[in-house]
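The values are calculated or read from the model by the stated rules, or taken from the named source; none is laboratory data. These numbers come from a predicted model, not from an experiment. Neighbour counts are summed over all protein chains in view; Cβ atoms, including those assigned to glycine, are modelled from backbone coordinates with ideal geometry.
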Amino acid sequence: MSDLTDKVCRDCGSSKPASEFWKREKSPDGLAPYCRACFKRRNAEAAMRKSAREGRERSVPKQREELPDGFGRCPDCGELKPRSDFPRNKRVKSGYATYCKPCHNARGVETKQRLHGGTRHYHLMRRYGIGAAEVAAMVEAQMGLCAICLTPGPEHVDHDHKTGRVRAILCFNCNGGLGQFKDRPDLLRRGADYLEGNVWKPTLVAPGVYRLPS
């Protein structure tokens, strides 16, 4: 490239600083024949001509809708709603998701149905690592009964909270009961003894010192 400080644009005829021209290695002076402004205009005009030849009109940018403060318009349902009707989303500037809560939930259900065959299968795989078909097979192996109380139609997956290992399929009450007893066999045994009339009472062995039954 030469040491030109000014160059005349072939299009607009104006003399401009070399910095107003794009670099072009093939040119003798190392600069494009047109200034940057004319270069952009020529590109836009060429794109317009191409669009016209193909029988298409260039899309007109959609004007941004002025919304009242604290409101948003859901693209799916088209309704204008308070921001409180939209889920939170810290990753965007507004702090709220694009779609309102009902539409957001509907999209989530549709995605899980399309990708995983249903929300139940999705949650089972995500939480326990087994699918709906595997759960159904376990229920069949249990003869369709809860593994604890033998009630028909168990639906809840019971797993070891420490290892994540799936143990069996239980009814709602039995699954919840294990959770209330913190999955501790010793507490469950004490509960059984209590129901059988063996109430465990601490023995006073010294002032302020009690001994629990073994």
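The sole residue among A168, A97, A147, A136 that is surrounded by fewer than 17 Cβ atoms within 10 Å (Cβ to Cβ) and either of a type outside the set (K, R) or under 30 Å from G70 (Cβ atoms) (or both) is A136.
Out of everything in region 184-214 that is of a type in the set (G, A, S) and assigned to a loop (DSSP other than H, G, I, E, B), what residue ends up being modelled with the highest pLDDT?
G197
Take region 133-147 and flag every residue that is out of contact with any Leu (no Cβ under 8 Å at 6 or more places or on another chain) and assigned to a loop (DSSP other than H, G, I, E, B). Passing the criteria: Q142, M143, G144.
Scanning region 117-162 for residues that are under 18 Å from K182 (Cβ atoms) and modelled with pLDDT under 90 turns up H161, K162.
Considered as a group, the residues in region 201-213 that are of a type outside the set (A, V, I, L, M) and exposed (fewer than 10 other Cβ atoms within 10 Å of the Cβ) include one that is nearest to F181 (Cα to Cα), and that residue is K201.
Could you give every pair whose Cβ atoms fall below 6 Å, whose first residue belongs to region 171-194 and is farther than 22 Å from P152 by Cβ, and whose second residue is in a loop (DSSP other than H, G, I, E, B) and of a type outside the set (S, T, N, Q), counting only separations of at least 6 or pairs across chains? Every condition considered, the pairs that remain are L187/F181; L188/F181.
Filtered by the rule that a residue be in contact with a strand residue (DSSP E or B) (Cβ under 7 Å, 6 or more places away or on another chain), within 23 Å of A192 (Cα to Cα) and not small (G, A, S), region 133-151 gives L145, C146, I148, T151. Looking across K40, K81, K23, K16, one residue alone is at pLDDT 85 or above, over 30 Å from A106 (Cα atoms) and surrounded by 13 or more Cβ atoms within 10 Å (Cβ to Cβ). It is K16.
Here P33, P75 are screened, and the one residue that is modelled with pLDDT of 85 or more and exposed (fewer than 11 other Cβ atoms within 10 Å of the Cβ) is P75. Quick check: is even one residue across region 75-97 closer than 26 Å to K182 by Cα, out of contact with any Lys or Arg (no Cβ under 6 Å at 6 or more places or on another chain) and not hydrophobic (A, V, I, L, M, F, W, C)? Checking region 75-97: not a single residue is closer than 26 Å to K182 by Cα, out of contact with any Lys or Arg (no Cβ under 6 Å at 6 or more places or on another chain) and not hydrophobic (A, V, I, L, M, F, W, C).
Contact map, region 24-43: first residue without any contact (Cβ under 8 Å) to a residue 12 or more places away in the chain, second residue surrounded by 14 or more Cβ atoms within 10 Å (Cβ to Cβ) and in a helix (DSSP H, G or I), Cβ cut-off under 7 Å, separation 6 or more or different chains; pairs are A32/F39.
Looking at region 102-112, can you tell me whether even one residue there is modelled with pLDDT under 85 and surrounded by fewer than 11 Cβ atoms within 10 Å (Cβ to Cβ)? Yes, there is a match, as at least one residue in region 102-112 is modelled with pLDDT under 85 and surrounded by fewer than 11 Cβ atoms within 10 Å (Cβ to Cβ). Just the residues that are in a loop (DSSP other than H, G, I, E, B) and either touching a helix residue (DSSP H, G or I) at 6+ places or on another chain (Cβ under 9 Å) or modelled with pLDDT of 95 or more (or both), please, taken from region 163-183. Selection gives G164, C171, F181.
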